[in-house]
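Enquirer: First, the structure itself, so that you have it in front of you.
The values are calculated or read from the model by the stated rules, or taken from the named source; none is laboratory data. Predicted, not measured: the structure shown is a model, and the values here were computed from it. A quick note on method: Cβ atoms are made from the backbone with ideal geometry, for glycine too, and the neighbour counts reach across all protein chains shown.
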């Protein structure tokens with residue numbers, strides 16, 4: 001891969017090491033974060049469950065974007081923290097300059113609404129993100145062999161055509177080699193207090209690893225740009 005993005009959940013703690021190592025081996029580092037978005041605002045602190053937040057991927061396209069990423073991360077901890085750092089759309093409107101926005105995985109607002117059959121609300125969300133980020137908003141599709149993804153991807157493609165929004169095909173990377181899967185699952189169990197083999201909140205991870213853009217299943221529709229994060 002000529003470029004890789006780092007999009008840790010809710011934080012940017014790994015950015016420095018990632019940037020340094022990528023530069024050493026000639027890979028273009030793309031700095032980003034997969035934020036937790038509070039649907040009712042960052043100051044409302046009622047729902048402790050993961051389902052109470054949406055995921056949203058933001059990438060810095062220039063120095064201004066990087067600074068805004070830092071601001072959003074800081075405010076997520078300082079103002080929105082409730083079990084995890086959270087931001088909201090008010091902050092997105094304030095700090096959107098220099099940022100590329102992707103609609104995220106199945107936990108994103110738009111995929112989750114589509115999966116729940118709430119097509120009208122999903123379309124409203126599409127228009128809202130487009131109003132905030134303009135041409136820098138992308139609908140994101142993934143194919144990790146999950147049934148919900150297979151169901152949602154054609155619907156995302158329909159919204160792409162209807163609202164003239166570009167699509168990007170992405171691949172989650174939680175570990176580098178396929179053989180690292182068991183070690184990663186053990187790490188997840190330690191982090192979530194579960195026993196190995198038990199269902200965890202990160203069960204969606206599957207056996208996703210660093211792939212070539214030529215690997216089957218990464219790009220599931222013609223034209224979208226491939227990206228790994």
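Enquirer: Select, from 45, 67, 89, the only residue that is under 18 Å from residue 125 (Cα atoms) and in contact (Cβ under 8 Å) with a residue 12 or more places away in the chain. Before you say what the answer is, go through the steps one by one.
Expert: Working: 45 fails: under 18 Å from residue 125 (Cα atoms); 67 fails: under 18 Å from residue 125 (Cα atoms).
None of the other options fit; the residue is 89.
Enquirer: What residue, among those in the stretch 115-156 that are assigned to a helix (DSSP H, G or I) and touching a strand residue (DSSP E or B) at 6+ places or on another chain (Cβ under 7 Å), is nearest to residue 173 (Cα to Cα)? Before the answer, list the steps.
Expert: Filtering the stretch 115-156 for residues assigned to a helix (DSSP H, G or I) gives 115, 119-136, 147-156.
Narrowing further to those that are touching a strand residue (DSSP E or B) at 6+ places or on another chain (Cβ under 7 Å): 129-130, 133, 136, 149, 153, 156.
On the way: 129: 25, 130: 26, 133: 25, 136: 23, 149: 16, 153: 19, 156: 22 Å.
Out of the qualifying residues, it is 149.
Enquirer: On the given criteria, is residue 79 out of contact with any strand residue (DSSP E or B) (no Cβ under 7 Å at 6 or more places or on another chain), surrounded by fewer than 21 Cβ atoms within 10 Å (Cβ to Cβ), without any contact (Cβ under 8 Å) to a residue 40 or more places away in the chain and under 14 Å from residue 38 (Cα atoms)?
Expert: Values: out of contact with any strand residue (DSSP E or B) (no Cβ under 7 Å at 6 or more places or on another chain): yes; surrounded by fewer than 21 Cβ atoms within 10 Å (Cβ to Cβ): yes; without any contact (Cβ under 8 Å) to a residue 40 or more places away in the chain: yes; under 14 Å from residue 38 (Cα atoms): yes.
Criteria met by residue 79.
Enquirer: Condition first: at pLDDT 95 or above, buried (at least 19 other Cβ atoms within 10 Å of the Cβ) and either under 25 Å from residue 46 (Cβ atoms) or touching a helix residue (DSSP H, G or I) at 6+ places or on another chain (Cβ under 7 Å) (or both). Now tell me which residues in the stretch 90-105 satisfy that. Let's see the steps before the verdict.
Expert: Of the stretch 90-105, the ones at pLDDT 95 or above are 90-104.
Adding the requirement that they be buried (at least 19 other Cβ atoms within 10 Å of the Cβ) leaves 91-92, 95-96, 99-104.
If the condition is that a residue be at pLDDT 95 or above, buried (at least 19 other Cβ atoms within 10 Å of the Cβ) and either under 25 Å from residue 46 (Cβ atoms) or touching a helix residue (DSSP H, G or I) at 6+ places or on another chain (Cβ under 7 Å) (or both), then 91, 92, 95, 96, 99, 100, 101, 103, 104 are the ones that fit.
Enquirer: Please go through (1) within 17 Å of residue 9 (Cβ to Cβ); (2) in the same structural domain as residue 40 (by TED's automatic domain parsing); (3) surrounded by fewer than 19 Cβ atoms within 10 Å (Cβ to Cβ) for residue 108 and return the number of the only condition it doesn't satisfy.
Expert: (3) is the only condition that residue 108 fails.
Enquirer: In the stretch 145-176, which residues are farther than 20 Å from residue 101 by Cβ and surrounded by 17 or more Cβ atoms within 10 Å (Cβ to Cβ)? Spell out how you get there, then give the answer.
Expert: Here is the first cut: in the stretch 145-176, the residues farther than 20 Å from residue 101 by Cβ are 145-148, 150-151, 154, 174-176.
Correct list: 174, 175.
Enquirer: Check 22, 60 and return the single one that is without any contact (Cβ under 8 Å) to a residue 24 or more places away in the chain and surrounded by 13 or more Cβ atoms within 10 Å (Cβ to Cβ).
Expert: Values: 60 fails: without any contact (Cβ under 8 Å) to a residue 24 or more places away in the chain.
Within the list 22, 60, the selection yields 22.
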